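Working notes, structure below.
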Amino acid sequence: MVEDVATQPIEGLFQLQQSYFATGKTRPLIEREMTLKKLQTLIDEHENDILLALKKDLNKSETEAYMTEIAIIKDEIKHLLKNFKKWAKPKKVKTALTHFGTKGVQVPEPYGTTLVIAPWNYPFQLAVSPMLGAIAAGNTVILKPSELTPNLSAVLVKIVNPHFDSGFLHVVEGGVEETQQLLEQKFDYIFFTGSVPVGKIVMEAASKHLTPVTLELGGKSPCIVHHDVDLSLAAKRVAFGKLTNVGQTCIAPDYLYVHKSIKDDFILELQKAIHRFYGVNPIQNETYGKIVNERHFNRVKSYLKDGKILFGGNVDQTLHKIEPTLISPDRLDSPVMQEEIFGPVLPILEYESIDEVIDFVNGRPKPLALYLFTKDAELQKRITTTISYGGGCINDTLMHIATPYLPFGGVGESGMGNYHGKNSFSTFSHYKSVLKQTNLFDFSFRYPNAKNGLKIIKKLMG
Ligand code: NAD
């Protein structure tokens, strides 16, 4: 039965989901498989709607929208369909010597009712991807997309609400008020993607019910370019990472640290890469994205005064477009070097000794991503073992997010928990540990006042 509860109060919807979960309908593997396949078909059928909405909300070009939003989801569904039954099986574990005769298993079980709260920058991918993991693990889902991308949010409603029982899967549109009402409910799991301040609100609300959370947050992700790189190739990959979705990417290189000896040449190569991607006037280029709204446009624009503009710097208030801009920051305590930029403005710092870079990054909140460009294997090892960050690439940007084989998530202020591929399944599963005892014999040493009990325990357990 498919109900329309678009006008239903949030509390009622939540209760419907609790009741639905209690029926056990989300658990059978065949049901999960059918739901994933149905979503796969619905997404295929709505591909044009998704592309159109992304064009309207963020001026995403078809290629970029397909690559960063739709293809990733298609790949994730295929990966889940291929593997989730294997992941859902109880897993046998070893038995300790003291437990001779027993069998140990870990049984994955769904948490129950889950809430997925999504941001606006990849409004399709970041809403659907966690939902897929929750379904594969056997949960119900209420999905709350961002109010800042209303066209895409409406497509999500169209894809989900008429086709699934609202007790099972339902999209709730809205902003702060609706999200806060949702957060008052006693969900069994909350998966939040968004900013650090709202992440804290979500965690505080979750703590009232002791609801576990995954927080996929943001921050300032450094990109280090050493003197031994192929400048043209590295510049192309840095520009790609910074300008995809015009920098409105949680894992975009936020600022560059370039070795002093190649800094000027690297800046020239960056300019060439930008021209190659978007021509000499990116703002007029139809495939160059826009900043999501006036507030964010003004915020990103304000960073242009925080240093010397090395390249770019033009803006179009009407189109909400900001040119790809390279900037040499005046001070390290200026907003452009303190706040997450989330736009096409790239501050460039220089270093002579890598120690300066390590100290600088380690002195700040742990980043969501870090990128290192170098051929030096020792340096690669040093950076990956001395700086704590969510994840990243060596000699590339962004690509670590686009594979189901690498878990994606932050650490410290950039978040907690991770997902994608198997980790999407395990994030939404509780692993119940079960010990099955034998009745064929019974060791007496563990019982009170057993003969030689202490001696045997010391021998077996050390
Ligand atoms: P946001 O935190 O403003 O909003 C995220 C969601 O929270 C939205 O659905 C919004 O409606 C809701 N929300 C906003 N204010 C709220 C409040 N006071 N109470 C309850 N709910 C509230 O984030 P955003 O602007 O949509 O996204 C940008 C941020 O998200 C950046 O910091 C970026 O780095 C981060 N981000 C992280 C990832 C990741 O995977 N780690 C991915 C994308 C974006």
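Filtered by the rule that a residue be in contact with a Ser or Thr (Cβ under 8 Å, 6 or more places away or on another chain), outside any loop (DSSP other than H, G, I, E, B) and closer than 22 Å to GLU339 by Cβ, segment 226-254 gives VAL238, GLY241, LYS242, THR244, ASN245.
Looking only at segment 238-262, count every residue that is crowded, with 24+ Cβ neighbours inside 10 Å and either in the same structural domain as TYR419 (by TED's automatic domain parsing) or among the basic types (Lys, Arg) (or both) and tell me the total. Number satisfying all stated conditions: 1.
Taken residue by residue, segment 317-326 has at least one member that is within 29 Å of ARG382 (Cα to Cα) and touching a strand residue (DSSP E or B) at 6+ places or on another chain (Cβ under 8 Å). When SER195 is tested against (1) polar (S, T, N, Q); (2) surrounded by fewer than 22 Cβ atoms within 10 Å (Cβ to Cβ); (3) closer than 22 Å to GLN15 by Cβ, exactly one condition is not met: (3). The residue that is farthest from LYS432 (Cα to Cα), counting only those in segment 92-110 that are surrounded by 13 or more Cβ atoms within 10 Å (Cβ to Cβ) and charged (D, E, K, R), is LYS103. Of the helices (runs of 4 or more DSSP H) entirely within segment 345-431, those holding at least 1 residues that are in contact (Cβ under 8 Å) with a residue 60 or more places away in the chain and not assigned by TED's automatic domain parsing to the domain that holds SER334 occupy 422-427. In a residue-by-residue description of segment 105-118, the property of being touching a residue at least 60 places away in the same chain (Cβ under 8 Å), more than 21 Å from ASP188 (Cα to Cα) and under 23 Å from the mean Cα position of the chain (by Cα) applies to no position. Counting the residues of segment 158-181 that are closer than 25 Å to ALA65 by Cα, surrounded by fewer than 22 Cβ atoms within 10 Å (Cβ to Cβ) and within 11 Å of the ligand (Cβ to nearest atom) gives 3. Going through (1) of a type in the set (D, E, K, R); (2) away from the ligand (no atom under 16 Å from the Cβ); (3) surrounded by fewer than 21 Cβ atoms within 10 Å (Cβ to Cβ) one by one, GLU323 falls short only on (3). When ILE283, ILE309, ILE291, ILE267 are screened for being in a strand (DSSP E or B) and in contact with a strand residue (DSSP E or B) (Cβ under 8 Å, 6 or more places away or on another chain), only ILE309 passes.
Restricting segment 338-357 to residues that are charged (D, E, K, R) and within 16 Å of the ligand (Cβ to nearest atom), which is nearest to ASP306 (Cα to Cα)?
Restricting attention to segment 338-357, the residues satisfying the condition of being charged (D, E, K, R) are 339-340, 350, 352, 355-356.
Restricting the remaining residues to those that are within 16 Å of the ligand (Cβ to nearest atom) gives 339-340.
Working: GLU339: 12, GLU340: 14 Å.
Looking at the filtered set, the residue picked out is GLU339.
Can you tell which of GLN248, GLN271 is farther than 21 Å from VAL357 by Cα and within 12 Å of the ligand (Cβ to nearest atom)? Exactly one residue qualifies, and that residue is GLN248.
Given the options VAL107, VAL155, VAL93, name the one that is among the hydrophobic types (A, V, I, L, M, F, W, C), in the same structural domain as TYR20 (by TED's automatic domain parsing) and within 16 Å of the ligand (Cβ to nearest atom). It would help to see each step written out before you state the result.
On the way: VAL107 fails: within 16 Å of the ligand (Cβ to nearest atom); VAL93 fails: within 16 Å of the ligand (Cβ to nearest atom).
The unique qualifying residue is VAL155.
Scanning segment 182-222 for residues that are away from the ligand (no atom under 15 Å from the Cβ) and either in the same structural domain as SER261 (by TED's automatic domain parsing) or not basic (Lys, Arg) (or both) turns up ASP188, TYR189, HIS209, LEU210, PRO212.
For every residue, the table says whether it meets (1) in a helix (DSSP H, G or I); (2) of a type in the set (A, V, I, L, M); (3) in contact (Cβ under 8 Å) with a residue 40 or more places away in the chain.
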site: GLU11; (1), (2), (3): yes, no, yes
site: PHE14; (1), (2), (3): yes, no, yes
site: LEU36; (1), (2), (3): yes, yes, yes
site: ASN48; (1), (2), (3): yes, no, no
site: LEU54; (1), (2), (3): yes, yes, yes
site: GLU64; (1), (2), (3): yes, no, yes
site: GLU76; (1), (2), (3): yes, no, yes
site: LEU81; (1), (2), (3): yes, yes, yes
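The values are calculated or read from the model by the stated rules, or taken from the named source; none is laboratory data. The structure displayed is predicted, hence computed values, not measured ones. Positions of Cβ are generated from backbone atoms using ideal geometry, with glycine treated the same way; all protein chains shown enter the neighbour counts.
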